[in-house]
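What follows is one structure encoded as structure tokens, with my remarks underneath.
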Amino acid sequence: MDPARPPTFLSEPGALFYLGDGHACQGDGEIVGTGIETSFEIEFSVRVLKGKTIGWPRGETNEDIFTVGNARPLDQALQHAATEMMRWLGSDFRLDATAASHLLGQRVRFDVANVYNPAYSVVCRLAKSLIP
């Protein structure tokens, strides 16, 4: 890791990852451009899946899988996140388009992550317990 970069920035050839901007509290959407800023310590892991191509960021927690879309207008960000979730459900969980769309239509959760910056961010979440 380059000591000149902040410790939350990891860089590898061909990929970038940034984790930062910690908030002690912030409403959904960060509508005023800030939360209660704070430093934080966090543990996380990153896996590089060589040869795998994705269109938008993907992640998982203990309970959920999630995808992130970022665009303007807001509905385009939501569409990017939902489309990436559909791709993921098809490629990794072997759901056909009909099964994936029915599952999302009944149980998807969306978080509006950012409406302050020029592009909006939307997170598409699905509980792991719902995936067959």
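Straightening the chain between Thr53 and Asp21 buys 8.8 nm, computed as 0.36 nm per residue apart minus the Cα-Cα spacing. Judged by the gyration tensor of its Cα atoms, with axes a ≥ b ≥ c, the range 38-132 is oblate; a/c meets the 1.5 cut and b/c is at least as large as a/b. Exposure proxy ranking for Thr38, Thr83, based on other Cβ atoms within 10 angstrom of each Cβ and starting from the fewest, stands as Thr38, Thr83.
Subtracting the Cα-Cα distance of Val108 and Asp64 from 0.36 nm times their residue separation leaves 14.8 nm of extension gain.
Would you order Ser45, Ser101 from fewest to most other beta-carbon atoms within 10 Å of each residue's own beta-carbon? Walk me through the numbers on the way to the answer.
Values: Ser45 4, Ser101 15.
Going from sparsest to densest Cβ surroundings: Ser45, Ser101.
Within a 10 angstrom radius of the beta carbon, how do Asp96, Asp75, Asp111 rank from fewest other beta carbons to most?
On the way: Asp96 9, Asp75 12, Asp111 15.
With the sparsest Cβ surroundings first, the list reads Asp96, Asp75, Asp111.
For the options Ala97, Ala24, Ala71, a Gaussian network treatment of the chain with springs between C-alpha atoms closer than 10 Å singles out Ala24 as fluctuating the most. The angle between the Cα long axis of helix 74-91 and the main principal axis of the chain comes to about 60°, on a 0 to 90 degree scale. Of the residues Val48, Val108, Val122, the one that moves most in a GNM of the chain with alpha-carbon contacts below 10 Å is Val48.
Counted by Cβ distance under 15 Å from Asn70, the other residues give a net charge of -3, where Lys and Arg count +1 and Asp and Glu count -1.
Taken together, the values in this text are just the output of simple stated rules run on the coordinates, not laboratory data. The structure presented is a predicted model; accordingly, all values stated were derived computationally and were not measured. No Cβ is skipped: glycine too gets one built from the backbone with ideal geometry, and neighbour counts run over all protein chains shown.
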